[in-house]
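The values are calculated or read from the model by the stated rules, or taken from the named source; none is laboratory data. Since the model is a prediction, treat every value here as computed from it, not as a measurement. Heads up, the Cβs are rebuilt from the backbone with ideal geometry, glycines too, and the neighbour counts pull from every protein chain shown. In case anyone asks, the SASA skips ligands and DNA or RNA and just uses the protein heavy atoms, side chains included. Shrake-Rupley method; radii C 1.70, N 1.55, O 1.52, S 1.80 Å.
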Amino acid sequence: MSPTLIALAAICAANPFRIAACAPASVDTRRKAVVVATASTLLAVGLFALLSDPILDLLNVSGSSSRIAAGVAVLVVGVRDLFVQPPSPEPALTGWRAGIMPMAFPTLFTPALAILTISAGSVRGAGTALGIIGGAILLVVLLVVANVRGTYWRAATVGSAGVVFGTLLTLNGVTAI
């Protein structure tokens, strides 16, 4: 599993245009919410990457099976992004707490990103996985801070890329068996 494939799949799993659609409209509130969402997501990614081997051992799952699972999860999120409108900012927590719900969980730190983090942590090591996925998350949140509009078509475009990269991750896991 190459670092480029991990980073591109992480961007598709986190889909910046879905996050932008649920971000608060006020610029100041949006920035505060993005900082909270980024910090909490990076913390979760770090924990999942650090605990990737014990999690896979506990579940009795091999590295190649975790790649297949990560690929299928990214593929499913990509298909969802193709057909489902991005979420609206309402109802959500107010102020900077909007960075926790709905921005960080479940929009930025999706189940697909969690599974991808566990798989990448197992294959590449916790530090490398955190660096790759953390860099992808920072790129995603920079787009949100830049106040991009979260439209259906933009989210669907990233979703179609998610289908491609999810398929590639799945094939990577199958060939590793």
Residue match in the range 135-145 (condition: at pLDDT 95 or above and either buried (at least 18 other Cβ atoms within 10 Å of the Cβ) or over 15 Å from the mean Cα position of the chain (by Cα) (or both)): yes
Residue within the range 17-24 that is under 28 Å from R124 (Cα atoms), surrounded by fewer than 17 Cβ atoms within 10 Å (Cβ to Cβ) and touching a helix residue (DSSP H, G or I) at 6+ places or on another chain (Cβ under 9 Å) present: no
Test: L138 is in a helix (DSSP H, G or I) and either farther than 23 Å from A25 by Cβ or touching a Lys or Arg at 6+ places or on another chain (Cβ under 8 Å) (or both): no
Given (1) open to solvent by 40 Å² or more (accessible area, probe 1.4 Å); (2) farther than 19 Å from A126 by Cα, index of the condition A73 fails: (1)
Candidate set: the range 146-156, residues that are part of a helix (DSSP H, G or I) and out of contact with any Leu (no Cβ under 9 Å at 6 or more places or on another chain); chosen: the one surrounded by the most Cβ atoms within 10 Å (Cβ to Cβ): R154
Single unsatisfied condition, T4 versus (1) under 25 Å from L171 (Cα atoms); (2) surrounded by 22 or more Cβ atoms within 10 Å (Cβ to Cβ): (2)
Lone unmet requirement of (1) at pLDDT below 95; (2) over 17 Å from A104 (Cβ atoms); (3) in a helix (DSSP H, G or I); (4) open to solvent by 60 Å² or more (accessible area, probe 1.4 Å) for S64: (4)
Some residue of the range 87-97 being over 15 Å from G166 (Cβ atoms), assigned to a helix (DSSP H, G or I) and open to solvent by 50 Å² or more (accessible area, probe 1.4 Å): yes
Residue tally, condition among the hydrophobic types (A, V, I, L, M, F, W, C), in a helix (DSSP H, G or I) and either touching a Cys at 6+ places or on another chain (Cβ under 7 Å) or modelled with pLDDT under 95 (or both), over the range 98-122: 7
